[in-house]
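Asker: A single structure is presented below for examination.
We did not get these values from a lab; they are worked out from the coordinates using the rules stated. Just so we're clear, the structure is a prediction, and the values are computed from it rather than from any experiment. Cβ sites come from the backbone with ideal geometry, for glycine too, and all protein chains shown count toward neighbours.
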Amino acid sequence: MWRIGITGSIATGKTTVLQAFADLGVLVLSADAVVAELYSGAAVAPVAALFPDVVQDGAIDRAALSAALAADPSAFKALEAVVHPLVRARIADFLEAAQAQGEALAVVEVPILFESGYDYGFDAIGVTWVDPAIQRQRALARPAMSVEKLDAILARQMPQADKKARATYLFDTGLPIARTREQVAALVAAIKARNTRP
């Protein structure tokens, strides 16, 4: 089975590319979606131990957690030490299950793939990218986003140029979405046609 990791900086189209794979029947998993599940389950108690004021109705209030991290950026390390192992275990389980099902391909989106330095065992990495001006426009259109918050996020992320240099596949999401879907479809067709590791 061919394992592809999808990554890219904020607002560069990772979700769009992942959805394009899913629409073709490829098994996909989003690390962000895993985190959202964990924040209503297994991660609640350990995160609450670090940030007692971020729990609302038995789940982690992401807005409150974001505010706490903005007030104390040094706390990111402690949070990641709690959450990342849980996310990695879920990704490993997903890939193992896909392999057992005889899938030719499985795709996992990991926003901070390069930044984490963790080896997920991917066979290839797809990097989404876009012109920085478009990236900022997209990001600042998001709810609760501010220039200061965006700049803080970008400061913690590897520059787009460095990610592109490490990519197996590049997805320019500044192009029309139909082009992105065509690129994904061609890639999936090629992998399935080989049905073995390239």
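Asker: Filter segment 98-114 down to residues that are part of a helix (DSSP H, G or I), of a type in the set (A, V, I, L, M, F, W, C) and either farther than 25 Å from Leu18 by Cβ or out of contact with any Asp or Glu (no Cβ under 9 Å at 6 or more places or on another chain) (or both), then give me how many there are.
Answerer: Number of matching residues: 3.
Asker: Under 6 Å between Cβ atoms, which residue pairs at least 6 apart in sequence (or on different chains) link something in segment 126-138 that is within 15 Å of Thr180 (Cβ to Cβ) with a partner that is part of a helix (DSSP H, G or I) and of a type in the set (D, E, K, R)?
Answerer: Val127/Lys163; Val127/Lys164; Thr128/Lys14; Trp129/Lys164
Asker: Can you find even one residue in segment 121-131 that is surrounded by fewer than 15 Cβ atoms within 10 Å (Cβ to Cβ) and part of a helix (DSSP H, G or I)?
Answerer: No, there is no match, as no residue in segment 121-131 is surrounded by fewer than 15 Cβ atoms within 10 Å (Cβ to Cβ) and part of a helix (DSSP H, G or I).
Asker: I've got another one for you. Of everything in segment 85-139, what is among the β-branched types (Val, Ile, Thr) and touching a strand residue (DSSP E or B) at 6+ places or on another chain (Cβ under 9 Å)? Give them in sequence order.
Answerer: Ile91, Val107, Val108, Val110, Ile112, Ile125, Val127, Thr128, Val130 - these are the residues of segment 85-139 that are among the β-branched types (Val, Ile, Thr) and touching a strand residue (DSSP E or B) at 6+ places or on another chain (Cβ under 9 Å).
Asker: Now a separate question. Tally the residues that are in contact with a helix residue (DSSP H, G or I) (Cβ under 6 Å, 6 or more places away or on another chain) and farther than 28 Å from Val130 by Cβ, restricting the search to segment 16-41.
Answerer: Of the residues in segment 16-41, 1 are in contact with a helix residue (DSSP H, G or I) (Cβ under 6 Å, 6 or more places away or on another chain) and farther than 28 Å from Val130 by Cβ.
Asker: Only residues that are hydrophobic (A, V, I, L, M, F, W, C), over 17 Å from Pro85 (Cβ atoms) and touching a residue at least 40 places away in the same chain (Cβ under 8 Å): list them for segment 39-75, please.
Answerer: Within segment 39-75, Ala63, Ala70 qualify.
Asker: Next question, about the same structure. Any residue at all in segment 56-74 that's of a type in the set (A, V, I, L, M, F, W, C) and within 30 Å of Ala186 (Cβ to Cβ)?
Answerer: Scanning segment 56-74 turns up no residue that is of a type in the set (A, V, I, L, M, F, W, C) and within 30 Å of Ala186 (Cβ to Cβ).
Asker: Now, a different point. Can you pull out the residues in segment 132-144 that are more than 11 Å from Thr12 (Cβ to Cβ) and either of a type in the set (Gly, Ala, Ser) or part of a loop (DSSP other than H, G, I, E, B) (or both)?
Answerer: Ala133, Ala141, Arg142, Pro143, Ala144
Asker: Those residues that are in contact (Cβ under 8 Å) with a residue 24 or more places away in the chain and closer than 22 Å to Pro85 by Cα, I need them from segment 19-35; list them, please.
Answerer: Leu27, Val28, Leu29, Ser30, Ala31, Asp32, Val34, Val35
Asker: In addition: Can you give me the ranges of the helices (runs of 4 or more DSSP H) entirely in segment 1-92 with at least 2 residues that are of a type in the set (Asp, Glu) and surrounded by 15 or more Cβ atoms within 10 Å (Cβ to Cβ)?
Answerer: In segment 1-92, no matching helices (runs of 4 or more DSSP H) lie anywhere.
Asker: Here is a follow-up. Could you check segment 1-15 and list, in sequence order, the residues that are out of contact with any Phe, Trp or Tyr (no Cβ under 7 Å at 6 or more places or on another chain) and over 30 Å from Ala133 (Cα atoms)?
Answerer: Met1, Trp2
Asker: Can you say whether Leu175 is of a type outside the set (Gly, Ala, Ser), over 20 Å from the mean Cα position of the chain (by Cα) and under 13 Å from Thr12 (Cα atoms), as far as the supplied structure shows?
Answerer: The answer is yes for Leu175.
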